[in-house]
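See structure below.
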Amino acid sequence: MRPEIIVRREEDIVWDFNGKPSFRIGWPNSCWSREIDPTPAYAHDFALVEQELFRCWNTFPLFQAPKLFLLHRETIERTNGYMQMDYDYDSNDGKGAYVLPTIVLIGKRIPLHPAMTRYLVSHEYGHIAEVDAAKSIGMLRDNQTEEFRQWYTKQRGITEVAKYYGPGQWHKAINEVIANDFRVHVMNRESEFWPHEVERNNQFAKDFWSARVIEKQEQIAKQATATKV
């Protein structure tokens, strides 16, 4: 079980009868269409994405290895990327739907700076790490992290949160703060970039993610020992 990178290029564009182009994204049992701007665009450098993704995986292995889609076009939302958690209901083993994490890195009309790639891979990976962390402390309910987010907001001392999730409110969204806490305190990537009003070097965030990393290191050590035996 290892992360997988899937590239979507011009030849992968799907056109519907309404003239709206899209890419197919997701897992075989949970695939969706994402509308795109067909204008030629540059994708993130594959080698750097691969390097950063496996750096994340080796530092903080997740409950499920993600798929990462690397787009050579821009989606109509004009964001930099996103993480989506999908579910395979056909693999129900009595424990609920199987969780399928997907990261999408979106192309842009001009070449992307390597710092953006380093930032973005760790940030989007951090969204999956949120689910992992909520599960590890017993705050994952039906694969949802709402309880965890409320607790994290309070523990971090945040008093003002986003009114909604969208333009102009992104920097106040607690899920984005959590993802960037992971990026800074676990992955140490592009730490000078902190687009939030709340403090970056928060002691709770440092301690919380340090504890999660220790848990991961212990898991890795146990797995290595079991493999040798």
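The values are calculated or read from the model by the stated rules, or taken from the named source; none is laboratory data. Being a predicted model, the structure only gives us computed values, none of them experimental. Cβ: placed from backbone, ideal geometry, glycine included. Neighbour counts: every protein chain shown.
Brief remarks on what is shown
- In the range 177-188, the residues that are closer than 16 Å to D207 by Cβ and modelled with pLDDT of 95 or more reach residues that are in a helix (DSSP H, G or I) and charged (D, E, K, R) with C-beta atoms within less than 8 angstrom, at least six apart or across chains, in these pairs: I178/E130; I178/R149; F182/E130; H185/K206; V186/R212.
- Hits in the range 147-169 - residues which are surrounded by fewer than 14 Cβ atoms within 10 Å (Cβ to Cβ) and outside any loop (DSSP other than H, G, I, E, B): E147, Q150, K154, Q155
- Hey, Q144 out of contact with any Pro (no Cβ under 7 Å at 6 or more places or on another chain), at pLDDT 95 or above and among the polar types (S, T, N, Q) or not: no
- Candidate set: the range 24-41, residues that are in contact with a strand residue (DSSP E or B) (Cβ under 6 Å, 6 or more places away or on another chain) and hydroxyl-bearing (S, T, Y); chosen: the one surrounded by the fewest Cβ atoms within 10 Å (Cβ to Cβ): S33
- Candidates G26, G19 - the one that is in a loop (DSSP other than H, G, I, E, B) and on the phi > 0 side of the Ramachandran plot: G19
- Yes/no for S122 being assigned to a helix (DSSP H, G or I) and either touching a His at 6+ places or on another chain (Cβ under 7 Å) or polar (S, T, N, Q) (or both): yes
- Considering residues of the range 193-207 that are outside any loop (DSSP other than H, G, I, E, B) and out of contact with any His (no Cβ under 8 Å at 6 or more places or on another chain) only, the residue surrounded by the fewest Cβ atoms within 10 Å (Cβ to Cβ): Q203
- Residue that is farthest from L70 (Cα to Cα) [pool: residues in the range 33-46 that are touching a residue at least 40 places away in the same chain (Cβ under 8 Å) and part of a strand (DSSP E or B)]: E35
- Annotation: of all residues in the range 11-23 being among the hydrophobic types (A, V, I, L, M, F, W, C) and without any contact (Cβ under 8 Å) to a residue 12 or more places away in the chain, the one that is surrounded by the fewest Cβ atoms within 10 Å (Cβ to Cβ) is F17.
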